[in-house]
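Following: one structure in structure tokens, then a few remarks.
The values are calculated or read from the model by the stated rules, or taken from the named source; none is laboratory data. These numbers come from a predicted model, not from an experiment. When we count neighbours, we look across all protein chains shown, and the Cβ atoms used for this are built from the backbone with ideal geometry, even at glycine. Ligands, DNA and RNA are stripped out before the accessible areas are found, and what is left, the full protein with its side chains, is counted by its heavy atoms. Shrake-Rupley method; radii C 1.70, N 1.55, O 1.52, S 1.80 Å.
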Amino acid sequence: MTTALAPSTVPGLATRAAVLCWHELPRSLAAGGAWLAATVPLLLAALAGAPGWILALAAVPPALVLTGLAAFAATVARGDGPRLALLRRVDAVLALLLAAGAGLATLGLTAGGPAALAGGAGGAVLLLVAPYALAYGALRDRRGLAALRGGAILVAFRPAWAFALVVLVGAGGLLAVASAGILAVVVLPLLLAVASAMTAALLDEIDALQGRA
């Protein structure tokens, strides 16, 4: 199910998503708080200098909650009444793929040399594809590799939008870090709602082009 979102520009879609999130602020805060709670083991392990395999395992719970949060944010972006029960609609395969990709990128960056270049390139691709993959999977009920493939297609279809979304994610990340993580409870649901709004608009455009063809 998709919803036509107008105007189909990044600022227009972001504004609409922000308004919809504001209308659902208490639930959005609770959903963001659930994800923040899931990151606590990972943060503690990182601060303690835990081995890489422990960090990799600790990254799985926040990745799982992230896929459920994407389902919640997609409902917000559609203008439907979101329920916190949507957080249980997780995609284990996509979560493992995202966690593994992030882990490999981090490992490459910290290794130095040619591995750092590969890690940086892999991390950049993940930043471009992951938001769309999460939103596409939630909107079209695609799981695992199908969601990841859909996200990659959407990036290729409108690269400028993908880069704009990465800029928004970066700005949101800076806000969250500057607030010692406190703003993450509202920033992450908002960013996923924006990604869902952009994804829905792109899917509507693709569907229209296929219909005319």
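Label separation (ALA116 vs VAL167): 2.8 nm, computed from points 7 Å beyond Cα along the C-beta direction. Average accessible surface for the chain: 49 Å² per residue, computed with a 1.4 Å probe over protein heavy atoms with every protein chain in place.
Placing a label point 7 Å from the Cα of LEU44 along the Cα-to-Cβ line, no residue of segment 61-76 has its backbone N under 12 Å from it.
Which one, SER196, SER179, SER28, has the greatest fluctuation when you compute a Gaussian network model over the chain with C-alpha springs under 10 angstrom? Evaluated over the chain, the most mobile residue of the options is SER179.
Taking the 1.4 Å solvent-accessible surface of the chain as the whole, the part contributed by carbon and sulfur is 75%. Put a dot 7 Å past the Cα of ARG83, heading toward its Cβ, do the same for SER179, and the two dots end up 2.8 nm apart. Remark on segment 85-213: hydrodynamic radius 15.6 angstrom, per the Kirkwood mean of 1/r across alpha carbon pairs.
Across the protein chains, with a 1.4 Å probe defining accessible surface, the residues ARG140, ARG149, ARG89 rank ARG149, ARG89, ARG140 from largest area downward. In this structure PHE163 has an accessible area near 120 Å², from a 1.4 Å probe over the protein heavy atoms. Among THR15, THR110, THR67, the largest mean-square fluctuation in a Gaussian network model of the chain (Cα springs under 10 Å) belongs to THR110. Note on the chain: GNM, Cα springs under 10 Å; of LEU29, LEU87, LEU145, the largest mean-square fluctuation is that of LEU145. Legend: residues GLU205, GLU24, sorted from most to least accessible area (1.4 Å probe; ligands, DNA and RNA excluded), read GLU205, GLU24. Once you order the gyration tensor axes a ≥ b ≥ c over the Cα atoms, which shape class does segment 53-159 get: rounded for a/c under 1.5, otherwise prolate or oblate by comparing a/b with b/c? Oblate shape, in that a/c is at least 1.5 and b/c is the bigger or equal ratio.
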